[in-house]
Amino acid sequence: MLRKPGFRLGVYLFRDAEIADYAGPCGVFAAAQRFDPELQVFILAEGARPVSTRAGLTVQPAYALAENPAMDALLLPGGPGVRQEMHNRRLHDYIRSLPEDCLLASVGTGSWVYGRMGLLDGLPATNRKEPDRYEASHLGKTPIDRLAELAPGCRVSHARVVDAGRLVTAGGMSAGVELGLHLLRRAGYDEGFVREVARVMEYQRGYDSYAHDIEYAAGAPAAQSASQPASLSPLLKSA
């Protein structure tokens, strides 16, 4: 897979977005910038005002949706606020307006939005599998089971990351790190580069545990197998 210079990841935030869902991928790209400063990650929101995510953590977006920033991938985190975003027509219209070569990614219940829009029909996707106390009770539902209900045309997968081509979904919440690393693969970086980013993050054991827990849908671009010998990227050799 050819590397795309200056790959830009846009992370959409909303009220009560789950911190780990968006911080994990952002942290991966921040670490990767040590080796390739052309990589970019930024926050966007429906408006330009600060967004209060989980635990009262407030984030100032770099862009509003109306500014339509250029990006190569859009990421939707999960969190309690995703229940409103499933019905947010402005967000849905924005997603539908993105170029076909822009990847659509999610962590945790962020995939509910894509499911609600019908974008997961005929595709495999994943979601958070471990319920909280409410979800485990008779009043709630495990998020991955809720995905199956929202998107009956989707084939629900229990893989940690599912690459269905344009749609790339990850379970929650710590799976955001694996999603960030996988998006580096989709940006064209080789396995040596990805492993070096994991090393700098002191995430080698986590990487080794989860590197094979990726499901590729038929026709999805096949990333270099993690079981193959990793060659260091020219970017790393010159770093």
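The values are calculated or read from the model by the stated rules, or taken from the named source; none is laboratory data. Keep in mind the model is a prediction, meaning the values are calculated, not measured. Reconstructed Cβ throughout: ideal geometry from the backbone, glycine too, with neighbour counts over all protein chains shown. These area figures cover heavy atoms from the full protein model, side chains too; ligands, DNA and RNA do not enter into them. Shrake-Rupley method; radii C 1.70, N 1.55, O 1.52, S 1.80 Å.
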*Take every Cα-Cα pair in the range 13-138 and report what % of them are more than 24 Å apart.*
27 percent
*asked:* Shape verdict for the range 96-193, please, from the Cα gyration tensor: rounded (a/c under 1.5), prolate (a/b greater than b/c) or oblate.
replied: oblate
*Just order 130-136, 109-115 by mean Cβ neighbour count inside 10 Å, highest at the front, would you?*
109-115, 130-136
*the chain - share of DSSP beta bridges that are antiparallel (%, nearest 5)*: 20 percent
*Grab the beta carbon distance between LEU2 and ARG205, set R0 = 30 Å, and tell me the FRET efficiency rounded to 0.05.*
0.45
*Considering only protein heavy atoms, what is the solvent-accessible area of LEU9 at a probe of 1.4 Å, reported in Å² to the nearest 10?*
0 Å²
*In Å², what does the accessible area per residue of the chain work out to with a 1.4 Å probe?*
46 Å²
*Can you give the Rg to Rh ratio of the chain, both from alpha-carbon atoms, with Rh computed by the Kirkwood formula?*
0.95
*Using R₀ = 30 Å, calculate the FRET efficiency as 1/(1 + (r/R₀)^6) where r is the Cβ-Cβ separation of GLU130 and ALA70; round to 0.05.*
0.25
*Which helices of the chain meet both criteria: a Cα extent of 27 Å or more along the helical axis and a mean Kyte-Doolittle score no lower than 0.0, with helices taken as whole DSSP H segments?*
none
*So how strong a dipole does the chain carry about its Cα centre when Lys and Arg Cβ are +1 and Asp and Glu Cβ are -1, to the nearest 20 debye?*
200 debye
*Say each of HIS158 and THR142 gets a label point 7 Å from the Cα, pointing the same way as Cα to Cβ; how far apart are those two points in nm?*
0.7 nm
_Where labels lie 7 Å past Cα in the beta-carbon direction, separation of ASP213 and HIS87 in nm_ = 3.4 nm
*Using all C-alpha to C-alpha distances in the range 136-207, build P(r) with 5 Å bins and read off the rounded percent in each one.*
3, 14, 21, 21, 15, 10, 9, 6, 1, 0
*Per the 1.4 Å probe, what fraction of the accessible area of the chain, in percent, lies on carbon and sulfur atoms?*
50 percent
*Sequence-distant or interchain residues sharing an amide H contact under 5 Å with LEU103, placed H: which?*
ALA73, LEU74
